[in-house]
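Trainee: Pasting a structure below so you can have a look.
The values are calculated or read from the model by the stated rules, or taken from the named source; none is laboratory data. Model, not experiment: these values are computed from the prediction. Every residue, glycine as well, gets a Cβ built from its backbone with ideal geometry; the counts of neighbours run over all protein chains shown.
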Amino acid sequence: MRILLKMFSISRTCMRSFTHIPAPNRLSLLDCYLGCSQRAAGRWTGISSRRCLSSVEGQTVPSMLRHLTSKIKATGPITVAEYMREVLTNPVSGYYVKNDMLGAEGDFITSPEISQMFGELIGIWCVSEWMAAGKPKAFQLVELGPGRGSLTSDILRVFSQLQSALKGAAVSVHLVEVSPKLSQVQAECLAGDHTQVCVSDEEGVYRTGTTQSGLPVSWYHRVEDVPRGFSIFLAHEFFDALPIHKFQKTEKGWREIMVDIDPEAPEKLRFVVFPAPTLASTTLIPADEKREHVEVCPDSGVIVQKLANRIAVEGGAALIADYGHDGTKTDTFRGFRGHKLHDVLLAPGTADLTADVDFSYLRRMAGDEVVCMGPITQRLFLKNMGIDTRLQVLLRNCRDASTHAQLIQSYNMLINPEKMGHRFQFFSLLSHSRMVEPREEGEGAEEEKERQSAAACGWIHSSGIAVRDAELMCGKMSSGLFRYTMESSNWTCAEK
Ligand SMILES: C[S@@+](CC[C@H](N)C(=O)[O-])C[C@H]1O[C@@H](n2cnc3c(N)ncnc32)[C@H](O)[C@@H]1O
């Protein structure tokens, strides 16, 4: 994109001829999309989280704004993708790089922070996929953008309790995190004092440690740095934070929306429409696109292609959970600060920026190397994974009224269609070998049957998509291979 900006580097006079999109318009578009309701917004706001959280720094405004305006003065308006990348992940003053923004005292709250049930059920999905793959010896759990480490922590607790199912597996944990601040929070959550920052990150690893349950854990900046091998990849509210390009259909064809300095107020930024085609506007929009306004996140396409290729070659699966759409929505770019919607161009670096994930684009980018399942709603995924039973177990074991009330409130928050239940979607990439029909007889038939039935308690069971497994979709967390009894507050597993 830097090359592109140089190509189109233009004078300030010329910039004034760009079409300016007035802020009120932008916000009203957003309001329409959000139904004027905070509750409909993707980032979830306004619930007390289960943990106590640290504060957000608010000192980045002048330096980030100065940085952006100098950049624009030097090279001309920048793409929305470049704006988002700088604001969120600039190594010096990026929003994610400096802040711990999650939770009640931050800017938004996420499902793993709301309830342990969320991570536990994803933990079950991971074990199920590993079993369906024939229990490979090495099992890498890889999380992209782990936030405060809560999801991985809840998954590892399930792994500890399912030791009998996982016996023989060499489990390792791999975290892809751009933020030094958050990697520190994750290290404390998962490994206490048992981590070391790597002096040289030649191998791509910048921190290593041992989790509380004794598993090796490593941190990387990029997914390509994670060692090869069978991996279960998880990305919860990760793809929505990657930079998007925005395009507007005009009489002259597709044009890219850029960020410029407001000529009336040099301390302010504004959106403009680039007058000529850009490399992105000519390459990223499908010829048959029907919408008038489109957002495309090429970084997410690149990452999904990498995951698909690794799953096809080395085995594994990926579960992507985020708010999003299937190629239908238009203007979804928005900001969150202090649990409220925030103008994306105001005080850059002090608010989270996000855009809905386009699952149809991810499916296109994954190609034929893998099988794509979903998206299905968070409600359906969690219900089919057994959240109701898990809630009952936790309620039965809870001693005080306030925890009881909090459990019900968080369950409701996760699955209520009006809250997170329908806004959030689950999408997975599976290896083709995962979908093979069991052989009826001959060598390996028993093993194949075992794999197939394990599949039933994983995605196939949970998504309700694969009709040929209808008889296995009995709504019970059980399979011929092992059975989750959920009769105590712990997950138990009895191998048959
Ligand atoms: C919205 S938070 C979600 C955190 C967590 N998954 C959760 O649901 O609570 C986004 C996470 O992705 C990380 N992140 C954002 N952009 C990234 C990038 N380009 N590479 C790696 N991590 C990134 C952030 O630092 C943060 O940990």
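Trainee: Which numbered condition in (1) surrounded by 22 or more Cβ atoms within 10 Å (Cβ to Cβ); (2) without any contact (Cβ under 8 Å) to a residue 40 or more places away in the chain is the only one that R399 fails?
Mentor: (1)
Trainee: Which residues, taken from segment 131-157, are assigned to a strand (DSSP E or B) and within 16 Å of the ligand (Cβ to nearest atom)? Steps first, answer last, please.
Mentor: Of segment 131-157, the ones assigned to a strand (DSSP E or B) are 138-144.
Passing the criteria: L141, V142, E143, L144.
Trainee: S128 fails exactly one of the following numbered conditions: (1) touching a residue at least 60 places away in the same chain (Cβ under 8 Å); (2) part of a helix (DSSP H, G or I); (3) surrounded by fewer than 24 Cβ atoms within 10 Å (Cβ to Cβ); (4) away from the ligand (no atom under 11 Å from the Cβ). What is the number of that condition?
Mentor: Of (1) touching a residue at least 60 places away in the same chain (Cβ under 8 Å); (2) part of a helix (DSSP H, G or I); (3) surrounded by fewer than 24 Cβ atoms within 10 Å (Cβ to Cβ); (4) away from the ligand (no atom under 11 Å from the Cβ), only one is false for S128: (3).
Trainee: Condition test on A187, is it assigned to a helix (DSSP H, G or I) and at pLDDT below 95? Spell out the reasoning first.
Mentor: Details: assigned to a helix (DSSP H, G or I): yes; at pLDDT below 95: no.
No.
Trainee: Have a look at S128, S93 and point out the one that is over 22 Å from D225 (Cβ atoms), among the small types (G, A, S) and in contact with a Ser or Thr (Cβ under 7 Å, 6 or more places away or on another chain).
Mentor: Details: S128 fails: in contact with a Ser or Thr (Cβ under 7 Å, 6 or more places away or on another chain).
Only one candidate passes the filter, namely S93.
Trainee: Across segment 371-385, what is the number of residues that are more than 16 Å from the ligand (Cβ to nearest atom) and crowded, with 24+ Cβ neighbours inside 10 Å? Break it down stepwise before answering.
Mentor: From segment 371-385, those more than 16 Å from the ligand (Cβ to nearest atom) are 371-377, 379-380, 383-385; that's our starting set.
Narrowing the set further to residues that are crowded, with 24+ Cβ neighbours inside 10 Å leaves 375, 385.
Summing the residues that are more than 16 Å from the ligand (Cβ to nearest atom) and crowded, with 24+ Cβ neighbours inside 10 Å in segment 371-385 gives 2.
Trainee: Quick check on F118: is it near the ligand (Cβ under 10 Å from one of its atoms), aromatic (F, W, Y) and either assigned to a helix (DSSP H, G or I) or not assigned by TED's automatic domain parsing to the domain that holds H432 (or both)?
Mentor: Yes.
Trainee: A further question on this structure: Among the residues of segment 227-279 satisfying the criterion of being acidic (D, E) and under 23 Å from F426 (Cβ atoms), which is farthest from the ligand (Cβ to nearest atom)? Outline the logic, then answer.
Mentor: Of segment 227-279, the ones acidic (D, E) are 237, 240, 251, 256, 260, 262, 264, 267.
Among the residues that remain, those that are also under 23 Å from F426 (Cβ atoms) are: 237, 240.
On the way: E237: 4, D240: 7 Å.
Restricting to residues being acidic (D, E) and under 23 Å from F426 (Cβ atoms), the top hit is D240.
Trainee: Across segment 189-242, which residue is surrounded by the fewest Cβ atoms within 10 Å (Cβ to Cβ) among those that are basic (K, R) and closer than 28 Å to L353 by Cβ?
Mentor: Step one: filter segment 189-242 for residues basic (K, R), giving 207, 222, 228.
After this cut, where a residue has to be closer than 28 Å to L353 by Cβ as well, the list is 207, 222.
Working: R207: 21, R222: 12.
Step by step, filter segment 189-242, then rank; the result is R222.
Trainee: Within segment 158-184, can you find the residues that are more than 16 Å from the ligand (Cβ to nearest atom) and either in a strand (DSSP E or B) or within 22 Å of the chain's Cα centre (by Cα) (or both)?
Mentor: If the condition is that a residue be more than 16 Å from the ligand (Cβ to nearest atom) and either in a strand (DSSP E or B) or within 22 Å of the chain's Cα centre (by Cα) (or both), then V158, F159, A170, V171, S172 are the ones that fit.
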